[in-house]
Amino acid sequence: MNTLAGSMFDEDDLLPLSALQHMVFCERQAGLIHLEQTWADNAYTVEGDHLHRIVDGMSSDLRSDVLTRRGVTLKSFRLGVIGRADVVEFHSVDRVDSEGVCLPGRTGRWRPVPVEYKRGRPKAHRADEVQLCAQAMCLEEAFAVAVGTGVLFYGRTRRRSEVILSAELRALTERTAERLHTMMRSGRTPVCARTEQCDRCSLEPVCLPPSKSSKPSVRAYLDGVLSWSIKVEDQE
Ligand code: SF4
C-alpha cells in the first residue's frame, strides 16, 4: 500500500491505467466498473474494442523516421498503474538531442510519443488527456526521458490531435491516480449523484434508481435503448 507523496507503489498495488479515464468522467462510474465489475457492452463499445484490435493487429513499422510499436505494455510505480498503449511512436531525433533514447538494433536517438485511439470525437471532459498523460508518465519512468507530447486519434474525425503534457495536466493525472487508489482501498463505490455527465454515461441504466412512475411503455423502452446507444457513442 502506498500514496503518491513522492514514493513508489509495489507491483501488487498497480491498478488498471484505463480506470483513470473513468475516474475523470465520474468516480461512481469508476467504482461500478472497477470495484463492482459492472460493464455494459453494446454495439458502440464492441465497435471501440474492434478499433483497438485492428490497431493491435498491425505490425510495427518504420516510416519517415518514425518507428511504430503497437500494444505496448506500460506501468508506472509512481502513479501505481499498469496498462497498454495502443501505439507508441519513436520519432528519430538529432543524435546530440539528449531527450532521445537508444533502441536495440537501431542507430541514433528516438523520442517516444504515446498515441491513443478513440472511436468517437473530442470531448469536453479531460478523461482522454489524463489517460494519455499517464501513458507518457509510464514511458518517462521506463526510459528515463522527458515525454513532452502525446497524440489522441479520434475515429469519428479521423484526425490526430497533439496534446501538450503540461505541468497542470500531469498534476491532474497524479491527483486522479491518488483518488483512484483511495477509492479502491476503501472498497466503496461513491454514491450516485446525478450530474450533467449522467446524460452521456454508458452505465446510466444500471446506476440511477428506476423511475417512480408507472411501468414504461414499449415505445418508451425503445426510445430509452436508442438514447442509451447515442450516449455511449458520445462518451467513448
Ligand atoms: S449515471 Fe451518472 S452517477 Fe451514474 S455512473 Fe454514470 S455519470 Fe456517474
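Mind listing the phi-derived Karplus ³J(HN,Hα) values for region 168-178, rounded to whole Hz, using 6.51, -1.76 and 1.60 with θ = phi - 60°, and x for any glycine or proline?
Each residue's phi maps through the Karplus curve to give 5, 5, 5, 5, 4, 5, 5, 5, 5, 5, 5 Hz.
Where Lys and Arg each count +1 and Asp and Glu each count -1, what net charge lies around Arg185 among other residues with Cβ under 13 Å from its Cβ?
Numbers: positive: Arg179, Arg188; negative: Asp12, Asp13, Glu178.
Local net charge: -1.
Quick one: Cys26, Cys133, fewest Cβ neighbours within 10 Å first, how do they rank?
Cys26, Cys133
Ranked by Cβ crowding within 10 angstrom, fewest neighbours first, how are Ser76, Ser161 ordered?
Result, fewest neighbours first: Ser161, Ser76.
Determine, for Glu174, Glu168, the number of other Cβ atoms within 10 Å of each Cβ, and report the residues in order from fewest to most.
Ordered from fewest to most neighbouring Cβ atoms within 10 Å, Glu174, Glu168 come out as Glu168, Glu174.
Please list, in chain and number order, the residues 5+ apart from Gly120 or on another chain whose amide H is under 5 Å from its amide H, with Hs placed from the backbone.
When sequence neighbours closer than 5 places are left aside, the close amide H contacts are Gly155, Arg156.
Could you work out the local net charge near Thr195, counting Lys and Arg as +1, Asp and Glu as -1, over the other residues with Cβ closer than 13 Å to its Cβ?
Once positives and negatives cancel, what remains is -1.
Could you list the residues of region 122-136 with an amide nitrogen less than 13 Å from a label point located 7 Å from the Cα of Arg175 in the Cα-to-C-beta direction?
From region 122-136, the list is 126.
No lab work stands behind these numbers, since they all come straight from the coordinates. All of these numbers come straight from a predicted model, not from anything done at the bench. Cβ atoms come from the backbone with ideal geometry, glycine included; neighbour counts cover every protein chain shown.
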